[in-house]
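K.L.:
The following block contains the structure, expressed as structure tokens.
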There are 2 protein chains.
Amino acid sequence: MAEKLSIEPYKGVRDFYPEDMAIQRHIFDTWSRTAESFGFERYDASVLEPSELYKSKGAENEELVNDQTYTFVDRGDREVTLRPEMTPTVARMIAGRHKELPFPVRWYSIPNLFRYERSQRGRVREHWQLNCDIFGAEDQLAADVEMIALAYRSLIDFGATEEMFSIKVNDRREMKEFYHSLGVIDEESITQVTRLNDRFRKIERAEYMEELRKIVPGAAEAILEFVEKSEQTENAVTKALNAIGINNVQIDRSLARGFDYYTGTIFEIFDNDPKNNRSMLGGGRYDDLTSLFGDERIGGVGFGMGDVTMRDFLETHDLLPNLNASASLIVVPTETKFNLDGEKVAMAFRGAGVSTLVDISNRKLGKKVTNAAHSGAGYLLVVGEDEIARDEFVLKNLADGTESSGSLTDLAKQIAS
Amino acid sequence: MAEKLSIEPYKGVRDFYPEDMAIQRHIFDTWSRTAESFGFERYDASVLEPSELYKSKGAENEELVNDQTYTFVDRGDREVTLRPEMTPTVARMIAGRHKELPFPVRWYSIPNLFRYERSQRGRVREHWQLNCDIFGAEDQLAADVEMIALAYRSLIDFGATEEMFSIKVNDRREMKEFYHSLGVIDEESITQVTRLNDRFRKIERAEYMEELRKIVPGAAEAILEFVEKSEQTENAVTKALNAIGINNVQIDRSLARGFDYYTGTIFEIFDNDPKNNRSMLGGGRYDDLTSLFGDERIGGVGFGMGDVTMRDFLETHDLLPNLNASASLIVVPTETKFNLDGEKVAMAFRGAGVSTLVDISNRKLGKKVTNAAHSGAGYLLVVGEDEIARDEFVLKNLADGTESSGSLTDLAKQIAS
């Protein structure tokens, strides 16, 4: 073949070379640890889902599926979609076992999700997301509070402090009650005001008021005041969060959240750094996710947080640790003819739980020793004629330069301890 | 909507409810630990790849891509394939950085792979696979031996013993030399004999000989003897494996391996249990995987092992541990009005590294305590009026029934220690 293949990945997706994979794993492992520290159980499903799962909510969704997802027809004439979000999948799974599951159910997952994005700088078509939900809790307040506490800990567990981020809370029911108290009752006006509120922090006050007056002429001033003063107020959720020791939380009455299925508490977490001042995480309460699948209505509260935003946050706040993934021990044969002896030595250490890399390269001994010293490994062991003949080896501690000699069993015990 | 959505996943893929996910994670975590114990670094890439990556090797591959993969055209008119194997991806990534990478490079990944299978019982369309490769090692023997040692340890590290499985080794170069020594030189005959050998253990001896005589009339007896007696022979790889302490390894001259790109050592691991007697893992050496992408020819040795076969092996040999994923501590509020106090108590334990679940259900106190006792959790802590008033709590050890009381800080220290 004359023409060479491209080394680039498919447009909009990422290759994870080891140094990026180490960061990705650090993020996933920390997410996982946080979720499990709240007693959440992990689930997963395939990235392939029947397309009807996303089209079920009417024409608007159908358009969304056609325009913004990866959807294709398989050879059996089934329409298939690469999941763009996890909620429909988890709703399907909960509905499938609603009779056996001991509610409240606490589940989390770290799925990859696909969206067909027009090519925009920095936008990826595949990303990973931490998804956490509590389903079927009768005590909604406790569940809402626990879910926000988990979102909070999912940053704290990376080493973040409260000053680095802000939790903003709103409640769709409370907003509705407030609008009703002003005589704003028709759903269409409420929807329009909600959409406008979503832009409150992005547009000028005058523009906000002008548009607001067009929608609800008699209630505009009251709504503005409600929104502007919301940070000084509190509700049951923010009070409870303060009580359990979470202080960087505020009511924000402009908070709207896009998804239609939210019916109660909604929340977002924002990065406080001016260089990265954006929403990192969002979630909320929904009354019913499962009646599309059967007669049962099961509600819950959940949130999602993406890997790209998470990594940006960790880099902005210098929270990424040194993720050197080197083996603990580097075995260096003096000459390549001792490579297999090196492998034999390594097996003794691996069997004792010590990760061991054998340098089987053709590099010179001096170069191999230097490389080992710079690899981040803790120990070095040279294998040559003498060592093999005497069956006694010298283990060098690369951190402090000390050496100890002995049998492989003794040395392996020494590292493993 | 009158019609309800199906709770079934897309055809041929699996949902991972928590109990299955726990097994899946046990498998992935053990694979990961084994690979890292050899100093391998983890990489990953998207499941979406440009289709040309799989079509590059001529018409036969093009047919394979069209018939057996998930391939579709995106909105930008790009042909995209859900990766059916990882080797083309890793070849692309190695080629993309061949100038910077310090060879030999040891990489592993646990990708999900998709194949469009006609509906067959038990065949899945998506599976996960441990993929390990050593690229660019000058000492091919040492690399081959290390790779088979890693495959071996990937079973041993699950608790398997040598009696449970057999490693079979062959070598394409040695086979070629042998055929040449018999005067069988044309590639077509060698390919036909190789394909027949692949069926050696599945068909009768007479049938094998009949077909063999048709292909190579003058060499059939010699080939039969070579194949039949191969278990009593050894080569450099099996000798070295014995020397490093691996005994369940044999030469098998009938071993063929399907992939055309293998050029040297090939190997498979078989389950010895008669109920599950099949190939679990296969791999081999290839001279060149990267010249499709540029002028550089980089070879290596690698293997792949699937999650479905792995789980079958673990179940057949009763090697799955108890994977109870419960929290360490269950906090039980005496009444639901203390649920938020329960959440507050839980935060103290979570902050100390103790995974803690709060039972916020409406169940009766007695039922909640019984559930906690059966959950697999190590500890139980009841939160009620008295405990809150005194700010002193009683921690019950569910394993031995002992109780200790104190402040939350003291009790958290006690569990964490």
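The values are calculated or read from the model by the stated rules, or taken from the named source; none is laboratory data. Nothing here was measured: the structure is a model prediction, and the numbers come from that model. Heads up, the Cβs are rebuilt from the backbone with ideal geometry, glycines too, and the neighbour counts pull from every protein chain shown.
K.L.:
For the stretch A:225-236, how many residues are over 18 Å from A:ARG173 (Cα atoms) and more than 31 Å from the chain's Cα centre (by Cα)?
P.N.:
3
K.L.:
Would you say B:VAL237 is among the β-branched types (Val, Ile, Thr), in contact (Cβ under 8 Å) with a residue 12 or more places away in the chain and either away from chain A (no Cβ under 14 Å) or surrounded by fewer than 22 Cβ atoms within 10 Å (Cβ to Cβ) (or both)?
P.N.:
The answer is no for B:VAL237.
K.L.:
Of the residues A:LEU82, A:LEU113, A:LEU53, which is closer than 17 Å to B:THR81 by Cα, at the interface with another protein chain (Cβ under 10 Å from one of its Cβ atoms) and not basic (Lys, Arg)?
P.N.:
A:LEU82
K.L.:
Moving on to the next point. Which residue, of A:THR402, A:THR309, A:THR316, is more than 14 Å from every other protein chain (Cβ to nearest Cβ) and touching a residue at least 40 places away in the same chain (Cβ under 8 Å)?
P.N.:
On the way: A:THR402 fails: touching a residue at least 40 places away in the same chain (Cβ under 8 Å); A:THR309 fails: touching a residue at least 40 places away in the same chain (Cβ under 8 Å).
Only one candidate qualifies: A:THR316.
K.L.:
Testing B:SER361 on (1) at pLDDT below 95; (2) within 17 Å of B:GLY342 (Cβ to Cβ); (3) not acidic (Asp, Glu), one condition comes back false. Which one is that?
P.N.:
Exception for B:SER361: condition (1).
K.L.:
Please specify each residue of the stretch A:192-231 satisfying the condition of being under 17 Å from A:GLY258 (Cβ atoms) and surrounded by 15 or more Cβ atoms within 10 Å (Cβ to Cβ).
P.N.:
A:GLN192, A:VAL193, A:THR194, A:LEU196, A:ASN197, A:PHE200
K.L.:
For the stretch B:116-140, what are the residues that are more than 7 Å from chain A (Cβ to nearest Cβ) and under 30 Å from B:ASN242 (Cα atoms)? Show your work before the answer.
P.N.:
Going residue by residue through the stretch B:116-140, those that are more than 7 Å from chain A (Cβ to nearest Cβ) are B:117-125, B:127-136, B:140.
B:GLN129, B:LEU130, B:ASN131, B:CYS132, B:ASP133, B:ILE134, B:PHE135, B:GLY136, B:GLN140 - these are the residues of the stretch B:116-140 that are more than 7 Å from chain A (Cβ to nearest Cβ) and under 30 Å from B:ASN242 (Cα atoms).
K.L.:
Looking at (1) of a type in the set (Ser, Thr, Tyr); (2) within 13 Å of chain B (Cβ to nearest Cβ); (3) within 30 Å of A:ARG278 (Cβ to Cβ), find the lone condition where A:THR336 falls short.
P.N.:
(3)
K.L.:
Would you point out which residue out of A:ALA35, A:ALA45, A:ALA22, A:ALA2 is farther than 24 Å from A:GLU315 by Cβ and modelled with pLDDT of 95 or more?
P.N.:
Working: A:ALA35 fails: farther than 24 Å from A:GLU315 by Cβ; A:ALA22 fails: farther than 24 Å from A:GLU315 by Cβ; A:ALA2 fails: modelled with pLDDT of 95 or more.
None of the others qualify; the one that does is A:ALA45.
K.L.:
Another question about this same structure. Do we have B:ARG205 as under 30 Å from B:GLU146 (Cα atoms) and either modelled with pLDDT of 95 or more or assigned by TED's automatic domain parsing to the domain that holds B:GLY282 (or both) here? Even if it seems obvious, please write down each step before you answer.
P.N.:
Details: under 30 Å from B:GLU146 (Cα atoms): no; either modelled with pLDDT of 95 or more or assigned by TED's automatic domain parsing to the domain that holds B:GLY282 (or both): yes.
Against the criterion (under 30 Å from B:GLU146 (Cα atoms) and either modelled with pLDDT of 95 or more or assigned by TED's automatic domain parsing to the domain that holds B:GLY282 (or both)), B:ARG205 does not qualify.
K.L.:
Give the residue that is surrounded by the most Cβ atoms within 10 Å (Cβ to Cβ), with candidates limited to residues of the stretch A:65-79 that are within 9 Å of chain B (Cβ to nearest Cβ) and in a loop (DSSP other than H, G, I, E, B).
P.N.:
A:ASP74
K.L.:
Is it the case, given these coordinates, that A:GLU343 is at pLDDT 95 or above and surrounded by fewer than 17 Cβ atoms within 10 Å (Cβ to Cβ)? Step through it out loud before you land on a result.
P.N.:
On the way: at pLDDT 95 or above: yes; surrounded by fewer than 17 Cβ atoms within 10 Å (Cβ to Cβ): no.
Considered against the rule, which asks whether it is at pLDDT 95 or above and surrounded by fewer than 17 Cβ atoms within 10 Å (Cβ to Cβ), A:GLU343 comes out as no.
K.L.:
Sticking with this structure for a sec: Is there a residue being more than 16 Å from A:PRO104 (Cα to Cα), away from chain A (no Cβ under 14 Å) and in a helix (DSSP H, G or I) anywhere in the stretch B:345-358?
P.N.:
Going residue by residue through the stretch B:345-358, those that are more than 16 Å from A:PRO104 (Cα to Cα) are B:345-355.
Now drop any that are not away from chain A (no Cβ under 14 Å), which leaves none.
So far as the stretch B:345-358 goes, no, none of its residues is more than 16 Å from A:PRO104 (Cα to Cα), away from chain A (no Cβ under 14 Å) and in a helix (DSSP H, G or I).
K.L.:
Right, another one. Are there any pairs, at least 6 apart or on different chains, whose C-beta atoms fall under 8 Å, with the first in the stretch B:335-362 and at positive phi and the second buried (at least 21 other Cβ atoms within 10 Å of the Cβ), and if so, which?
P.N.:
Note: pairs meeting the criteria are B:GLY353/A:SER37.
K.L.:
So which of A:ILE7, A:ILE23 is assigned by TED's automatic domain parsing to the domain that holds A:TYR116 and of a type in the set (Val, Ile, Thr)?
P.N.:
Working: A:ILE7 fails: assigned by TED's automatic domain parsing to the domain that holds A:TYR116.
Exactly one of A:ILE7, A:ILE23 is assigned by TED's automatic domain parsing to the domain that holds A:TYR116 and of a type in the set (Val, Ile, Thr), namely A:ILE23.
K.L.:
Additional query: Applying the selection to the stretch B:188-207, what residues are under 31 Å from the mean Cα position of the chain (by Cα) and among the basic types (Lys, Arg)?
P.N.:
Within the stretch B:188-207, B:ARG195, B:ARG199, B:ARG201, B:LYS202 meet the criteria.
K.L.:
Kindly evaluate B:GLY39 against the criterion of being crowded, with 19+ Cβ neighbours inside 10 Å and closer than 30 Å to A:LYS344 by Cβ.
P.N.:
On the way: crowded, with 19+ Cβ neighbours inside 10 Å: yes; closer than 30 Å to A:LYS344 by Cβ: yes.
For B:GLY39, the condition - crowded, with 19+ Cβ neighbours inside 10 Å and closer than 30 Å to A:LYS344 by Cβ - is met.
K.L.:
Moving to a separate point now. Taking B:ARG257 as the residue in question, decide whether it is touching a helix residue (DSSP H, G or I) at 6+ places or on another chain (Cβ under 9 Å), under 22 Å from B:ALA160 (Cα atoms) and modelled with pLDDT under 90. Let's see the steps before the verdict.
P.N.:
Numbers: touching a helix residue (DSSP H, G or I) at 6+ places or on another chain (Cβ under 9 Å): yes; under 22 Å from B:ALA160 (Cα atoms): no; modelled with pLDDT under 90: yes.
Taking the combined requirement at face value, the residue does not satisfy it.
K.L.:
Something else: Which members of the stretch A:26-50 meet the condition of being touching a residue at least 24 places away in the same chain (Cβ under 8 Å) and either more than 10 Å from every other protein chain (Cβ to nearest Cβ) or basic (Lys, Arg) (or both)?
P.N.:
A:HIS26, A:ILE27, A:PHE28, A:THR30, A:TRP31, A:ARG33, A:ARG42
K.L.:
I would also like to ask the following. Kindly evaluate B:SER189 against the criterion of being in contact with a Phe, Trp or Tyr (Cβ under 9 Å, 6 or more places away or on another chain), surrounded by fewer than 16 Cβ atoms within 10 Å (Cβ to Cβ) and hydroxyl-bearing (Ser, Thr, Tyr). So that I can check it myself, show each step before the final result.
P.N.:
Details: in contact with a Phe, Trp or Tyr (Cβ under 9 Å, 6 or more places away or on another chain): yes; surrounded by fewer than 16 Cβ atoms within 10 Å (Cβ to Cβ): yes; hydroxyl-bearing (Ser, Thr, Tyr): yes.
When the stated conditions are applied, B:SER189 passes them.
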